[in-house]
């Protein structure tokens, strides 16, 4: 048996510029970080004592005989990539668990793909895979095989881990550069960040399609403004100016809301306003929009007040992690 662990992520600035539709023409950059909440996936040979050959456990349980009959698209297509390595006389069991809900803006789908490919690479090929190759294989699976309208930051940051600037070049090259390395600085920043669950699940692929495929001049200007926020954020972080970093989240959220009417709603706006009115000085909805988690920046002297008045929501303090996707258990020698 082998188990992979892959972190969820927080995207701070630059979202939208990481879609190939944008960066292959204009280049892009994001600031993102992984947190200590994880997707866990296990894989083992299934003994030949069952009528089924494949057992897939997630929100559903699939017990089937033929690989191509697997309903879970990501698992089916990932296994097909390793089809020649699958032993014909043995079955396979794959089991998924996650610390946070799916479709909630923290890159759960990409973290799953990254963790799955990391797992299968180790399981079938008996060797580790580099962070760069894991990123590229995950992008290929999601964007080319599954044909999802997704950006490229989620696969990158969940593969690498850490608090990074990720640049997307017009050549297609991706450059990952750590912004904050010192654990004390990371802890000081994370101690001011909270995730607030809206209770709304949404399909990021649909939300993203409403603006990614229509990058006209107006939306182009919005993304250029978002990229200016990336530069400002890096400046604030280089000076440990966390409050201005937090305030800037408001500005990038305003621009993001302008990308599509599907990004926000009356309920989402009311949650955001409640957070700001109860101590947060900045915040933004994570992911493509439409629901999921809000990220709020709350100064230390306002946190007790904030948590008390947001008690009707699930509030999660943020802690960063630096490992990215990794194999945490293996019975292989």
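The values are calculated or read from the model by the stated rules, or taken from the named source; none is laboratory data. Since the structure is predicted, the reported quantities are computational estimates derived from the model, not experimental observations. Every residue, glycine among them, receives a Cβ derived from its backbone with ideal geometry; neighbour counts consider all protein chains shown.
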Could you please tell me which pairs satisfy a Cβ distance under 6 Å, a separation of 6+ or placement on different chains, a first residue in region 178-190 that is touching a residue at least 40 places away in the same chain (Cβ under 8 Å), and a second residue that is in a helix (DSSP H, G or I)?
-> 179/237; 180/186; 189/242
Taking first residues from region 65-85 that are in the same structural domain as residue 114 (by TED's automatic domain parsing) and second residues anywhere that are part of a loop (DSSP other than H, G, I, E, B) and at pLDDT below 95, the pairs with Cβ under 9 Å that are 6 or more apart or on different chains are 65/51; 65/52; 65/53; 66/53; 67/53; 67/86; 79/86
One residue from 62, 29 being in the same structural domain as residue 163 (by TED's automatic domain parsing), without any contact (Cβ under 8 Å) to a residue 12 or more places away in the chain and either within 30 Å of residue 186 (Cα to Cα) or surrounded by fewer than 23 Cβ atoms within 10 Å (Cβ to Cβ) (or both) = 62
Sole exception among (1) surrounded by fewer than 19 Cβ atoms within 10 Å (Cβ to Cβ); (2) at pLDDT 95 or above; (3) touching a helix residue (DSSP H, G or I) at 6+ places or on another chain (Cβ under 6 Å) for residue 235, by number | (3)
For residue 84, are the conditions met, namely being farther than 30 Å from residue 318 by Cα and modelled with pLDDT under 95?
-> yes
Filtering region 144-155 down to residues that are without any contact (Cβ under 8 Å) to a residue 60 or more places away in the chain and part of a helix (DSSP H, G or I), which residue is surrounded by the fewest Cβ atoms within 10 Å (Cβ to Cβ)?
-> 144
Determine which single condition residue 225 fails, assuming it passes every other condition in (1) at pLDDT 90 or above; (2) assigned by TED's automatic domain parsing to the domain that holds residue 296; (3) within 26 Å of residue 35 (Cα to Cα); (4) surrounded by fewer than 17 Cβ atoms within 10 Å (Cβ to Cβ).
-> (3)
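Out of 67, 80, I need the residue that is surrounded by fewer than 19 Cβ atoms within 10 Å (Cβ to Cβ) and over 25 Å from residue 151 (Cβ atoms). Which one?
On inspection, the qualifying residue turns out to be 67.
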Residue 125 being surrounded by fewer than 23 Cβ atoms within 10 Å (Cβ to Cβ) and either at pLDDT below 95 or over 18 Å from residue 80 (Cβ atoms) (or both) | yes
Residue check, residue 23 free of Cβ contacts under 8 Å to residues at least 60 places away in the same chain, touching a strand residue (DSSP E or B) at 6+ places or on another chain (Cβ under 9 Å), on the phi < 0 side of the Ramachandran plot and surrounded by 17 or more Cβ atoms within 10 Å (Cβ to Cβ) = no
Across (1) crowded, with 24+ Cβ neighbours inside 10 Å; (2) out of contact with any strand residue (DSSP E or B) (no Cβ under 7 Å at 6 or more places or on another chain); (3) more than 30 Å from residue 283 (Cα to Cα), residue 113 clears everything bar (3)
Starting from region 95-121, take each residue that is not assigned by TED's automatic domain parsing to the domain that holds residue 43 and list its partners that are in a loop (DSSP other than H, G, I, E, B) and at pLDDT 95 or above, counting only C-beta distances under 6 angstrom and pairs at least six apart or across chains.
-> none
Within region 87-110, residues at pLDDT 95 or above, assigned to a strand (DSSP E or B) and surrounded by 15 or more Cβ atoms within 10 Å (Cβ to Cβ) come out as 93, 94, 95, 96, 98
